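Chemist: Have a look at the structure that comes next, please.
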Amino acid sequence: MTTLLADLEIERLMALHPKGYDLSLDRVSRLLDRLGNPQLKLPPVIHIAGTNGKGSAAAFSRALLEEAGYRVHVHTSPHLVNWHERYRLAAEGGGRLVDDELLAKTIARVAEANRGETITVFEILTAVGFLLFAEHPADAVILEVGLGGRFDATNVIQSPAVSLIMPVSLDHEAYLGDRVELIAAEKAGIIKRGCPVAIGAQETDAARIVLEETAERLDCPVQIYGQDFLAYEENGRMVYQDSDGLMDLPSPILPGRHQYANAAAAIAAVRLAGFDIDHAAAERAMRSASWPGRMQRLQYGHLVDLAPKGAEIWLDGGHNPGAGMVVAEALVEQEERQPRPLFLIAGMINTKDQAGYFRAFHGMARHVYTVPVSMSEAGVPNTELALRAQEAGLSAEPVASVANALMLLRDTWDSKEIAPRILIGGSLYLAGAVLAENGTPPT
């Protein structure tokens with residue numbers, strides 16, 4: 001396997017700087033000032049925060065803009081397999097992941113400008129994104145928040161074209177608070193005075209009220225899902241509605257009913273940002289949006305070959321109870337289309353509510369295989385994770401790896417029974433490891 005130049009640069013950074021998050025804007029602001037403040041030289045920015053749905057909203061926003069003929073930079077995090085996935089540079093006919101040599105050189109430039117001062121690796125990599133995006137032409141930037149909002153390194157953006165807040169629920173409580181109102185207040189930190197705001201479908205009134213009141217206090221034009229725009233299923237298609245009227249669109253290609261609301265939020269945000277998205281572009285976008293590792297169907301690859309013949313395999317990196325619910329709902333839809341026995345292969349890290357995630361699948365999953373998460377030091381031991389699944393009322397057992405789980409299922413499967421539906425999930429770290437081992441990394 002070829003060693004990537006950017007990986008070597010990032011390994012040097014990891015050795016010099018602390019891991020994890022230290023939420024503050026001071027360090028990244030100092031660094032960006034030394035780089036000439038590239039964050040002030042960007043095209044219009046669509047800034048996206050939220051607990052769940054950020055990535056889907058980014059994917060739909062990118063598809064809408066590119067299908068309408070705009071050139072788009074995209075910053076997302078975390079990556080699944082390679083660091084390069086965090087930076088998609090605008091190009092004619094659709095963006096491309098940043099070239100390895102360019103990324104390595106840009107990381108080195110930013111590290112040199114930092115002069116060895118205290119900073120987190122995420123802050124350096126955020127500055128890398130701003131520098132890349134400022135130095136390459138584009139019509140728009142889609143910028144996903146890393147953690148929280150108020151003190152996230154991306155929040156040096158002063159005047160976004162639109163701030164989009166996706167569903168807010170409990171996650172990262174150690175950093176953001178243990179009540180949904182507190183977390184919503186942190187997410188609302190990306191809202192800037194007088195700048196447009198789109199509020200996606202919220203799971204609780206408490207979160208929505210905090211977001212709405214913040215937007216109103218800062219005199220922002222605001223559009224709220226369920227009040228100013230919405231989407232619903234009709235005759236197997238998606239109907240989007242706002243003050244401009246209705247659009248009859250294909251069902252979003254990303255699986256799950258929750259994607260109707262995610263797609264609607266993206267349409268509202270992109271329009272609110274001032275971009276012209278006509279019906280034809282929106283129709284193409286619903287069919288072309290792509291978001292690896294989130295209810296992604298694995299149809300070929302090394303791991304797929306180990307599963308029972310004819311098995312349907314889904315991969316999802318959702319890792320909290322809210323994500324568990326939407327994934328479970330998506331699987332219910334699949335069950336309604338074609339009934340199959342459901343099996344889970346799960347790995348999780350110790351900062352997540354593991355039993356809460358598993359409870360979403362109670363009464364659905366026939367059995368759970370729990371596996372280690374090798375790409376994270378915070379991985380829950382597979383034996384302990386099996387206990388958490390059992391606490392949630394599921395049949396569970398620990399196994400050594402995803403490959404072992406698939407082979408065990410294959411070797412014990414009754415060929416007279418319809419092939420199973422398999423969800424591999426519980427962690428983005430696990431999703432990345434699966435895509436790498438399967439030979440199908442994001443492109």
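Chemist: Restricting segment 413-443 to residues that are polar (S, T, N, Q) and buried (at least 16 other Cβ atoms within 10 Å of the Cβ), which is nearest to G347 (Cα to Cα)? Give the steps one after another, and end with the answer.
Modeler: First, the residues of segment 413-443 that are polar (S, T, N, Q): 415, 427, 438, 440, 443.
Still in the running and buried (at least 16 other Cβ atoms within 10 Å of the Cβ): 427, 438, 440.
Values: S427: 6, N438: 16, T440: 19 Å.
In this case the residue turns out to be S427.
Chemist: Can you tell me which residues in segment 340-399 are among the aromatic types (F, W, Y) and in a strand (DSSP E or B)?
Modeler: Residues of segment 340-399 among the aromatic types (F, W, Y): 343, 357-358, 361, 369.
Residues satisfying the conditions are F343, Y369.
Chemist: Would you say R271 is over 15 Å from N52 (Cα atoms), in a loop (DSSP other than H, G, I, E, B) and either in the same structural domain as G149 (by TED's automatic domain parsing) or polar (S, T, N, Q) (or both)? I'd like the intermediate steps shown before the answer.
Modeler: Details: over 15 Å from N52 (Cα atoms): yes; in a loop (DSSP other than H, G, I, E, B): no; either in the same structural domain as G149 (by TED's automatic domain parsing) or polar (S, T, N, Q) (or both): yes.
When the stated conditions are applied, R271 does not pass them.
Chemist: Go through segment 26-54 and give me each residue that's under 16 Å from E186 (Cα atoms) and out of contact with any Leu (no Cβ under 7 Å at 6 or more places or on another chain). Lay out the reasoning, then the answer.
Modeler: Within segment 26-54, the subset under 16 Å from E186 (Cα atoms) is 47-52, 54.
Within segment 26-54, A49, G50, T51, N52, K54 qualify.
Chemist: Among the residues of segment 343-367, write down those that are among the aliphatic types (A, V, I, L, M) and over 24 Å from the mean Cα position of the chain (by Cα).
Modeler: Restricting attention to segment 343-367, the residues satisfying the condition of being among the aliphatic types (A, V, I, L, M) are 344-346, 348-349, 355, 360, 364-365.
Of everything in segment 343-367, those that are among the aliphatic types (A, V, I, L, M) and over 24 Å from the mean Cα position of the chain (by Cα) turn out to be M364, A365.
Chemist: Among the residues of segment 227-249, is there at least one that is under 20 Å from the mean Cα position of the chain (by Cα), surrounded by 19 or more Cβ atoms within 10 Å (Cβ to Cβ) and at pLDDT 95 or above?
Modeler: Taking segment 227-249 first, the residues under 20 Å from the mean Cα position of the chain (by Cα) are none.
No - not one qualifying residue is present in segment 227-249.
Chemist: In segment 242-252, which residues are assigned to a strand (DSSP E or B) and either more than 18 Å from A289 (Cβ to Cβ) or not assigned by TED's automatic domain parsing to the domain that holds A268 (or both)? So that I can check it myself, show each step before the final result.
Modeler: First, pick out the residues of segment 242-252 that are assigned to a strand (DSSP E or B): 242, 245-250.
Correct list: D242, G245, L246.
So that you can scan it fast, the table gives a plain yes or no per residue for (1) crowded, with 23+ Cβ neighbours inside 10 Å; (2) in contact (Cβ under 8 Å) with a residue 24 or more places away in the chain; (3) not aliphatic (A, V, I, L, M):
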{"position": "E92", "(1), (2), (3)": "no, no, yes"}
{"position": "A108", "(1), (2), (3)": "no, yes, no"}
{"position": "A153", "(1), (2), (3)": "yes, yes, no"}
{"position": "L164", "(1), (2), (3)": "yes, yes, no"}
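Chemist: If you go through segment 70-88, how many residues are of a type in the set (S, T, N, Q) and at pLDDT below 95? Even if it seems obvious, please write down each step before you answer.
Modeler: Residues of segment 70-88 that are of a type in the set (S, T, N, Q), as a first pass: 76-77, 82.
From what's left, at pLDDT below 95: 77, 82.
Number satisfying all stated conditions: 2.
Chemist: Name the strands (runs of 3 or more DSSP E) wholly inside segment 192-241 in which the number of residues that are in contact with a Leu (Cβ under 6 Å, 6 or more places away or on another chain) and closer than 18 Å to K54 by Cβ is 2 or more. If you could, list the steps in order and put the result at the bottom.
Modeler: Working: elements: 197-199, 222-224, 229-234.
Passing ranges, in order: 197-199.
Chemist: Within segment 168-183, identify whether any single residue is in contact with a Leu (Cβ under 7 Å, 6 or more places away or on another chain), under 25 Å from Y260 (Cα atoms) and either in a helix (DSSP H, G or I) or of a type in the set (D, E, K, R) (or both), and answer yes or no.
Modeler: Checked against the condition, which is being in contact with a Leu (Cβ under 7 Å, 6 or more places away or on another chain), under 25 Å from Y260 (Cα atoms) and either in a helix (DSSP H, G or I) or of a type in the set (D, E, K, R) (or both), segment 168-183 yields at least one hit.
Chemist: In segment 215-240, how many residues are of a type in the set (S, T, N, Q) and closer than 16 Å to P167 by Cβ?
Modeler: Looking only at segment 215-240, we keep the residues that are of a type in the set (S, T, N, Q), and these are 223, 227, 235.
With the extra rule that they be closer than 16 Å to P167 by Cβ, the set shrinks to 223, 227.
Here the count works out to 2.
Chemist: Here is a further query. If you go through segment 369-382 one residue at a time, do you hit one that is of a type in the set (S, T, Y), at pLDDT below 95 and within 23 Å of L408 (Cβ to Cβ)?
Modeler: Just the residues of segment 369-382 that are of a type in the set (S, T, Y), to begin with: 369-370, 374, 376.
Remaining after also requiring at pLDDT below 95: 374, 376.
If we keep only those that are within 23 Å of L408 (Cβ to Cβ) as well, we get 374.
Looking for residues that are of a type in the set (S, T, Y), at pLDDT below 95 and within 23 Å of L408 (Cβ to Cβ), one finds at least one in segment 369-382, hence yes.
Chemist: While we're here: Quick one: in segment 274-292, of everything that is aliphatic (A, V, I, L, M) and in a loop (DSSP other than H, G, I, E, B), which residue is surrounded by the fewest Cβ atoms within 10 Å (Cβ to Cβ)?
Modeler: I277
Chemist: Shifting gears a bit: Tell me whether segment 413-430 contains one or more residues that are within 19 Å of G317 (Cα to Cα), at pLDDT 95 or above and part of a helix (DSSP H, G or I).
Modeler: yes
Chemist: Pairs, please: C-beta under 7 Å, at least 6 apart or cross-chain, first residue over 18 Å from G129 (Cα atoms) and in segment 7-18, second surrounded by 11 or more Cβ atoms within 10 Å (Cβ to Cβ)?
Modeler: From segment 7-18, the pairs are H17/I119; H17/T120; H17/V121; P18/T120.
Chemist: Could you list, in sequence order, all residues of segment 347-368 that are surrounded by 18 or more Cβ atoms within 10 Å (Cβ to Cβ), out of contact with any Lys or Arg (no Cβ under 9 Å at 6 or more places or on another chain), modelled with pLDDT of 95 or more and aliphatic (A, V, I, L, M)?
Modeler: Selection gives A360, A365, V368.
Chemist: Something else: Based on this model, can you work out whether L387 counts as free of Cβ contacts under 8 Å to residues at least 24 places away in the same chain, over 11 Å from F343 (Cα atoms) and surrounded by fewer than 19 Cβ atoms within 10 Å (Cβ to Cβ)? Outline the logic, then answer.
Modeler: Working: free of Cβ contacts under 8 Å to residues at least 24 places away in the same chain: yes; over 11 Å from F343 (Cα atoms): yes; surrounded by fewer than 19 Cβ atoms within 10 Å (Cβ to Cβ): yes.
Yes, satisfied.
Chemist: Between L13, L8, L64, which is touching a helix residue (DSSP H, G or I) at 6+ places or on another chain (Cβ under 6 Å), modelled with pLDDT under 95, part of a helix (DSSP H, G or I) and hydrophobic (A, V, I, L, M, F, W, C)? First the steps, then the outcome.
Modeler: Details: L8 fails: touching a helix residue (DSSP H, G or I) at 6+ places or on another chain (Cβ under 6 Å); L64 fails: modelled with pLDDT under 95.
The unique qualifying residue is L13.
Chemist: Output the residues belonging to segment 293-315 that are buried (at least 19 other Cβ atoms within 10 Å of the Cβ) and either more than 20 Å from R366 (Cα to Cα) or at pLDDT below 95 (or both).
Modeler: Selection gives G293, R294, M295, Q296, L298, L303.
The values are calculated or read from the model by the stated rules, or taken from the named source; none is laboratory data. As the structure is a computational prediction, the values presented were derived from the model and not from experiment. Methodologically, a virtual Cβ is constructed for each residue, glycine included, from the backbone with ideal geometry; neighbour enumeration extends over all protein chains shown.
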